[in-house]
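Colleague: For reference, the structure I am asking about is given below.
The values are calculated or read from the model by the stated rules, or taken from the named source; none is laboratory data. Worth saying up front: this structure is predicted, and the values here are computed from it rather than measured. Here the Cβ is made from the backbone with ideal geometry for all residues, glycine too, and neighbour counts use every protein chain on show.
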Amino acid sequence: MPVVGVQAPPIRGEPLGQLLERIGIDKYDLFICGDGSGSVQGKPVGWGAVALSVTDMRRRYFHGACNDGTSNFAELAAYLAPLNWFANEVASKPIRVYDVHILTDSQYVCSAMTRKPPGRKNFALVQAYHGFANLGLTLHWHHLKRD
């Protein structure tokens, strides 16, 4: 799964088209931008994401929380619901490759998704993402530093 690092901070109010161009996305079936928040094991965590499908260009919002987790768990969890939604949407369509671009401010997420062999922490959650490849979803991870 490719990881593209973008060093320039985001510009507030930057139009989506300019952001996609700046991080090198020229074609996508689904674009997801998300974030997670938490601290240490034993404390509550939360996450949210917005997904944009090229089919209808409608924004879909996803969010969740857990009473016990880490910040890395929350960062990873942000993209599961949008990916599951999209996988269900395309399940009835002809099988093909779907390009899904995911924008995160978490270097941990990008590293976890490309590490071989995968690390032991959050192993099951990372494996869930790899399962989407079996459904034709190619996940492209992009890291954009937090401003």
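Colleague: Residue check: is Ala77 in contact with a helix residue (DSSP H, G or I) (Cβ under 6 Å, 6 or more places away or on another chain) and hydrophobic (A, V, I, L, M, F, W, C)? If you could, list the steps in order and put the result at the bottom.
Modeller: Values: in contact with a helix residue (DSSP H, G or I) (Cβ under 6 Å, 6 or more places away or on another chain): no; hydrophobic (A, V, I, L, M, F, W, C): yes.
Here the answer is no, as Ala77 does not meet what is asked.
Colleague: Quick one: would you say Val126 is touching a helix residue (DSSP H, G or I) at 6+ places or on another chain (Cβ under 8 Å) and either without any contact (Cβ under 8 Å) to a residue 12 or more places away in the chain or of a type in the set (Val, Ile, Thr) (or both)? Let's see the steps before the verdict.
Modeller: Working: touching a helix residue (DSSP H, G or I) at 6+ places or on another chain (Cβ under 8 Å): yes; either without any contact (Cβ under 8 Å) to a residue 12 or more places away in the chain or of a type in the set (Val, Ile, Thr) (or both): yes.
Considered against the rule, which asks whether it is touching a helix residue (DSSP H, G or I) at 6+ places or on another chain (Cβ under 8 Å) and either without any contact (Cβ under 8 Å) to a residue 12 or more places away in the chain or of a type in the set (Val, Ile, Thr) (or both), Val126 comes out as yes.
Colleague: Assess whether Glu89 counts as being touching an Asp or Glu at 6+ places or on another chain (Cβ under 8 Å) and of a type outside the set (A, V, I, L, M). Steps first, please.
Modeller: On the way: touching an Asp or Glu at 6+ places or on another chain (Cβ under 8 Å): no; of a type outside the set (A, V, I, L, M): yes.
Against the criterion (touching an Asp or Glu at 6+ places or on another chain (Cβ under 8 Å) and of a type outside the set (A, V, I, L, M)), Glu89 does not qualify.
So that you can scan it fast, the table gives a plain yes or no per residue for (1) out of contact with any strand residue (DSSP E or B) (no Cβ under 9 Å at 6 or more places or on another chain); (2) at pLDDT below 95:
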residue	(1), (2)
Val4	no, yes
Gly13	yes, yes
Lys27	no, yes
Cys33	no, no
Gly42	no, yes
Trp47	no, no
Ala51	no, no
Asp68	no, no
